[in-house]
Amino acid sequence: MWIDFEPVGRRVEGREGQNLLEIARDAGVGIASLCGGQGVCGACRVQVLEGDITPQTTLEQEAFSEAELADGYRLACLARPLGDVKVHIPPRSLTTEQRLQIEGQQLAVKVDPTVRGVAVQVPEPALTDLRSDVTRLADVLRQGEDVVRVDSLLLRQLSDRLRQEEWAGTVGLRGREVVSFYPVGRGPLGLAVDLGTTKVAGYLLDLVSGETLGADAIMNPQIPYGEDVMARLTFALQEAEGRGTLQRVIVEGLDRLTQALCTGAGRRPEEIADAVVVGNTAMHHLFLGLPVGQLGRAPYVPAVSDALDVKARDLGLTLSPGAYVHLLPNIAGFVGADHVAMLLATGLWQEDKVVAGLDVGTNTEVALKAGDRLLTCSTASGPAFEGAHIRFGMRAATGAIERVHLRDSRVEYQTIGGTPPVGLCGSGILDAVAQLRLAGVLDRRGKMKDHPRTRRGEKGPEFVLVEAAESGVQQDITISRADVGEIQLAKGAMRAGVRLLLREAGLNEADLDAVVVAGAFGTYIDVESAVTIGMFPPLPPDRFQQVGNAAGLGARMVLLSRAQRAKAVEIARHAEYVELTNDPNFANEFAHAMYLESKM
């Protein structure tokens, strides 16, 4: 019997008597499971779309609502296929490694990039044809009276390249400007970048087919100069060469990321003819080397908000000789092009329903579509969900605890890569706080109560999640009261932002038809855990949609489609920015939002 696992795109053969979790494991498809396949943790939720399966068990009937059961939801560890079946694995049930693998799927947009690959066969010079090399290329490309020009840097290479390739090849044509040249069989590549405060995600695309050839990420190399936006703005202003330093290190980081992407795809950075970079307004300005003083003080206005096209070489990037970098428009001082990209990718800006969108990161942008209004704001959620300021916090890497479930005094957990635990990534931290709250170890204020696993640590009360004997760091892995406080600050800012935008629209949380959760971290979190601690509004699970790195997806859409590029401009013009610090209710909402409870 054959099992189709979506969205990972794997079709594998299962053996009789195996359950879906066992079949997935044998095939290298990463489905989360904390309890070892006992059916009690609920982490391995899947949806059977087609085919016959064994009847529902009592445990499954307790784990799912009637509507979910009717839609085919099952626990992979308890469901055995009786023939060929098709199974959808929701994002929350995929392990981190598997979620990263599906980032490179092809996009559902019509491929119409700004840079087109055009095959050319240029007539060779002769004593009877003394046209210059550029003229004979331009004549091949000319349509009517249109003037074709060649980028000045490419011009230095073109004569030699034409002769090396025997006068045949492919040019990268941007409007009427030739920005790159390739051998026969090769064409222009594109680079899409989500320039996050903590992480930088890059995507390498084929501009002819639209295929994503590679996806990778690095930690933002600006972090040593400031973990958050305000710290980097301060560095840029107070240090003599601060702004130049921050611009240089991010460009160097992007060059390293680009080289890694190209190496993985068997290509070269010089083949990249177009790039799109999105980021919050501060990251946008620091990348371009723009003045940032006005961003750090009221009224927090950007130097520029319009979409920009800049030669890559002028920024120091090593791409194709004539390549441009396109930057989407910013909305306000703290809501930038990455938020525009998220709104574009999710389609939230066109929704007829009342929909909130949260792009969760070091700075969490919040959007609300209600009627004709598109409201936006920014909240300083901080880097806690990236593991910063948490004693055993770490990024989502091998050995990080990504799922936690507490049963009595036993802690069940899952690590990335299945190796001994060495720390907690953001989703694991969130799970841990939610489980401690459900178990009564934490009260609504975050105070830690007595429990067989609680003790007095160096910085106050702490809960032992993993004992030294089973950890990969030869010491107990704990979560402390101070760690819980960092999560309260992060989630409190986020929830307050949602409530204040709703208030601005004359609505409340019950009016929300849907909540779109974006951002790399937003893909990994357990929605129920987020609701339990009050990070998200207390809504039914089916109203939440986790969409992954939508900013990166939007950047790829803009890279592949001129129409999507125009839509991004329209979104920025339509959006209304709400400055939370001007709202007299902000302090009160924020204070209430720090409580570890779903209702406010």
Using θ = phi - 60° and the Karplus relation 6.51 cos²θ - 1.76 cosθ + 1.60, list the HN-Hα couplings for the stretch 49-56 in order, rounded to whole Hz, with x at every Gly or Pro.
-> 8, 8, x, 8, 9, 4, x, 4
Mind checking the full-extension length gain between GLU579 and ARG256? Use 0.36 nm per residue of separation minus the Cα-Cα distance, one decimal, nm.
-> 112.7 nm
Provide the FRET efficiency to the nearest 0.05 for the VAL12-GLU66 pair, computing r from the beta carbons and using R0 = 25 Å.
-> 0.20
So how far apart, in nm, are the two label points at THR57 and ALA587 if each is 7 Å from Cα heading toward Cβ?
-> 5.4
So, over other residues within a Cβ distance under 12 Å of GLN247, counting Lys, Arg +1 and Asp, Glu -1, the net charge is 0
What is the set of long-range amide H partners of PHE544 at a cut-off below 5 Å, with H atoms built 1.01 Å from backbone N?
-> VAL515
Would you kindly state how much longer the chain becomes between ALA469 and ARG503 on full extension, computed as 0.36 nm times their sequence separation minus their alpha carbon distance, in nm to one decimal?
-> 7.2 nm
Within the stretch 236-319, report the trypsin sites (Lys or Arg not before Pro) that DSSP leaves as loop and that have at most 14 other Cβ atoms within 10 Å.
-> ARG297
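Which net charge results for the neighbourhood of ASP372, defined as the other residues with beta-carbon distances under 15 angstrom from its beta-carbon, given Lys and Arg at +1 and Asp and Glu at -1?
Working: positive: LYS353, LYS369, ARG373, ARG573; negative: GLU351, ASP352, GLU504, GLU570, GLU576.
Every neighbour counted, the sum reads -1.
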Name every cysteine in the chain that ends up alone, with no second cysteine's Cβ under 4.7 Å, or say none.
-> CYS44, CYS77, CYS262, CYS377, CYS425
Show me 580-587, 337-344, 58-65 ranked by packing, highest mean number of other Cβ atoms within 10 Å first.
-> 337-344, 58-65, 580-587
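What ranking, highest mean first, results for peptides 419-430, 568-579, 283-294, 187-198 when packing means the other Cβ atoms within 10 Å averaged over each residue? Don't jump to the answer; show the numbers that get you there.
Working: 419-430: 24.2, 568-579: 17.8, 283-294: 20.8, 187-198: 27.1.
The densest-packed peptide leads the list: 187-198, 419-430, 283-294, 568-579.
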Within the chain, pairs of Lys residues whose Cα atoms are less than 28 angstrom apart, provided they are eight or more positions apart or on distinct chains, add up to 25
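If we count other beta carbons within 10 Å of each Cβ, what is the order of ASP408, ASP526, fewest first? Intermediate results must be reported in sequence, preceding the final value.
Working: ASP408 7, ASP526 24.
Lowest to highest Cβ neighbour count: ASP408, ASP526.
With an 8 Å cut-off on Cα pairs and a minimum separation of 6 or more residues, tell me the relative contact order of the chain in percent. Walk me through the numbers before you get to the answer.
Numbers: 1353 pairs, mean separation 74.6, N = 600.
Relative contact order, the chain: 12 percent.
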If amide H atoms are built 1.01 Å from N in the plane of the peptide, which residues on other chains or at least 5 residues away come under 5 Å of the amide H of CYS41?
-> CYS35
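What shape does the stretch 2-94 take by its C-alpha gyration tensor, where a ≥ b ≥ c are the square roots of the eigenvalues and a/c under 1.5 counts as rounded, a/b above b/c as prolate, and the rest as oblate?
rounded
With r defined as the distance between the Cβ atoms of ALA298 and LEU153 and R0 fixed at 51 Å, what FRET efficiency is calculated, to the nearest 0.05? Write out the running numbers ahead of the final one.
Details: r = 42 Å, r/R0 = 0.83.
Taking R0 as 51 Å, the efficiency between ALA298 and LEU153 is 0.75.
Listing TRP2, TRP349 from the residue with the fewest other Cβ atoms within 10 Å to the one with the most, what is the order? Show your work: numbers first, answer last.
Details: TRP2 13, TRP349 21.
Placing the least packed residue first, the sequence is TRP2, TRP349.
Counting each DSSP H run of 4 or more residues in the chain as -39500 (n - 2.57), what helix-only mean residue ellipticity at 222 nm follows after dividing by all residues, to the nearest 500 deg cm²/dmol? Each step should come with its number before you reach the end.
Details: 18 runs with 182 residues, N = 600.
Rounded to the nearest 500, the figure is -9000 deg cm²/dmol.
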Quick one: net charge of TYR73's neighbours, Cβ under 10 Å, K/R +1, D/E -1?
-> -1
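Bear in mind these aren't lab numbers, they're just calculated from the coordinates by the rules spelled out. These numbers come from a predicted model, not from an experiment. Here Cβ is always computed from backbone atoms with ideal geometry, including for glycine, and neighbour counts include all displayed protein chains.
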